[in-house]
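The values are calculated or read from the model by the stated rules, or taken from the named source; none is laboratory data. None of these values were measured; they are calculated from a predicted model. Virtual Cβ from ideal backbone geometry, glycine too; neighbours counted across all protein chains shown. Areas reflect the complete protein model, heavy atoms only, side chains present, ligands, DNA and RNA absent. Shrake-Rupley method; radii C 1.70, N 1.55, O 1.52, S 1.80 Å.
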Amino acid sequence: MTLEELRLLRVVQGVLVRNYVDTQKLDVQVIGSSVYIEGAFVIFDYHSSRKKEDRIETELSARRSLLYIEQQIRGMGEVTHLEMKLSNWERRGPQWVAKGDSF
């Protein structure tokens with residue numbers, strides 16, 4: 001891994017951490033100017049008092065965060081390709097859709 005790839009990896013990880021993503025459940029790789037993210041997309045829940053009834057709200061929040069993170073990474077000038085293979089989310093057209101029972 002070159003120094004530039006390492007720097008880009010740290011920037012991408014910073015974007016994920018700033019958006020409260022559990023990075024231990026993701027494998028982030030940078031090869032050249034391409035970014036590859038694989039694993040489970042999980043956002044830390046700091047509101048443990050929330051009930052399970054807020055499942056729809058939680059899913060919408062995760063979807064918004066996923067779109068925002070994708071936009072932030074694609075917006076970096078040095079990133080030419082972004083591939084996200086998530087075990088609990090899938091891309092359908094312009095939207096991210098939860099697979100199965102993600103929450």
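In contact (Cβ under 8 Å) with a residue 24 or more places away in the chain and out of contact with any strand residue (DSSP E or B) (no Cβ under 9 Å at 6 or more places or on another chain): is that true of Tyr36 in this structure?
Here the answer is no, as Tyr36 does not meet what is asked.
Is it fair to say Val11 is open to solvent by less than 100 Å² (accessible area, probe 1.4 Å), at pLDDT below 95 and aliphatic (A, V, I, L, M)?
Values: open to solvent by less than 100 Å² (accessible area, probe 1.4 Å): yes; at pLDDT below 95: no; aliphatic (A, V, I, L, M): yes.
For Val11, the condition - open to solvent by less than 100 Å² (accessible area, probe 1.4 Å), at pLDDT below 95 and aliphatic (A, V, I, L, M) - is not met.
Considering only residues of the stretch 34-44 that are surrounded by 13 or more Cβ atoms within 10 Å (Cβ to Cβ) and modelled with pLDDT under 95, which is farthest from Ser87 (Cα to Cα)?
So the residue we want is Ile43.
Would you tally the residues in the stretch 71-103 being under 13 Å from Ser34 (Cα atoms) and touching a strand residue (DSSP E or B) at 6+ places or on another chain (Cβ under 8 Å)?
Summing the residues that are under 13 Å from Ser34 (Cα atoms) and touching a strand residue (DSSP E or B) at 6+ places or on another chain (Cβ under 8 Å) in the stretch 71-103 gives 8.
Quick one: which strands (runs of 3 or more DSSP E) lie wholly within the chain and hold at least 1 residues that are of a type in the set (Ser, Thr, Tyr)? Even if it seems obvious, please write down each step before you answer.
On the way: elements: 26-31, 34-39, 81-86, 89-92, 95-98.
Result: 34-39.
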